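J.: Sharing a structure with you now.
Where a number appears in this text, it was derived from the coordinates with a stated rule and is not lab data. Just so it is clear, the structure is predicted and the values come from calculations on it, not from any experiment. In this analysis, Cβ positions are derived from the backbone assuming ideal geometry, glycine residues included, and neighbour counts consider all displayed protein chains.
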Amino acid sequence: MPSSRRQADELRRQQERQVREQQTQQLRLQQQQAEQLRRQQNQQNQQQRNYQGQQRRYQQLNRDQQAQLQRQRYQQYNQQWSNWQQIQAERQRRLEQQRRQQYLRYQQQYWNRIRQDQLRLQQARYYDNLVYNYRYNRSGQSYYTSQYGAQMLRDAVNNGYEQGYDAGQADRRDGWSFDAQQSYGYQDAAYGYDSYYVGLDDYQYYFRQGFERGYEDGYYGRNQYGTYSNGKYAILGAVLGTILQIALD
């Protein structure tokens, strides 16, 4: 009888391992698909940034030009949205199996905001005549954006810091290892995105810069890069200035 029980337990463990391996392979495939889509988007956005980098200072985009640019950006956003819907469901199942309750709660809150953003971008209809008179440097190259784009990039860093702090805190409370780049928020990096003023690639870059610093603070329970005020975590102004070097030209 004990021998039969051991055999049954071993069979059950083998089946569980097979299920975990299948789930891991499925998630890896989805992540590879997401990475391929991200590379395609990055190439498109690099072309867009190169074009902006060649623009004259104080160039103005009228409403029709801005509307066309926004439609392109919104299409890229929707491509990511449809892909991440599949990944989110698989990640939720894995978190439930791992019993990471704190992180699961964080991911659900993040995902709810992404859904709200998606609905908001579907319904919003506003365009301004934009003057590209703010210059910022990224990877040694200068680009121009409008005053609204400048604020959106600042928001990207702050949104990233806040979400990173929550993710790091959740991992610490669940007793999970430190790994900012495996966080759902870091990989998505579209929380709070507004497709009217900056490209998705630029927004994601600065969001992840804030996220990494917020995650570190949240995981270790400190405020090296940010502060807590009025119920929100925000990155310090001095740190923001080193990440996003932007000024009126």
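J.: What is the calculated FRET efficiency for Q182 to L236, with r their C-beta to C-beta distance and R₀ = 25 Å, to the nearest 0.05?
T.: Numbers: r = 25 Å, r/R0 = 1.02.
That gives a FRET efficiency of 0.50.
J.: Taking the highest mean first, how do the peptides 102-109, 160-167 order by number of other beta carbon atoms within 10 angstrom per residue? Please report the intermediate quantities before stating the final value.
T.: Working: 102-109: 18.4, 160-167: 27.6.
With the highest mean Cβ count within 10 Å placed first, the list reads 160-167, 102-109.
J.: Could you give the nm distance between label points at Q245 and Q109, where each point is 7 Å from its Cα heading toward the beta carbon?
T.: 3.5
J.: Please state the relative contact order of region 203-249 as a whole percent: Cα pairs under 8 Å, 6+ residues apart? Let's see the in-between values first.
T.: Values: 24 pairs, mean separation 13.5, N = 47.
Taking the mean separation of contacting Cα pairs over the length of region 203-249, I get 29 percent.
J.: Separation between the Y220 and R99 pseudo-spin-labels, each 7 Å from Cα along Cα→Cβ, expressed in nm?
T.: Label-label distance for Y220 and R99, simple model: 3.0 nm.
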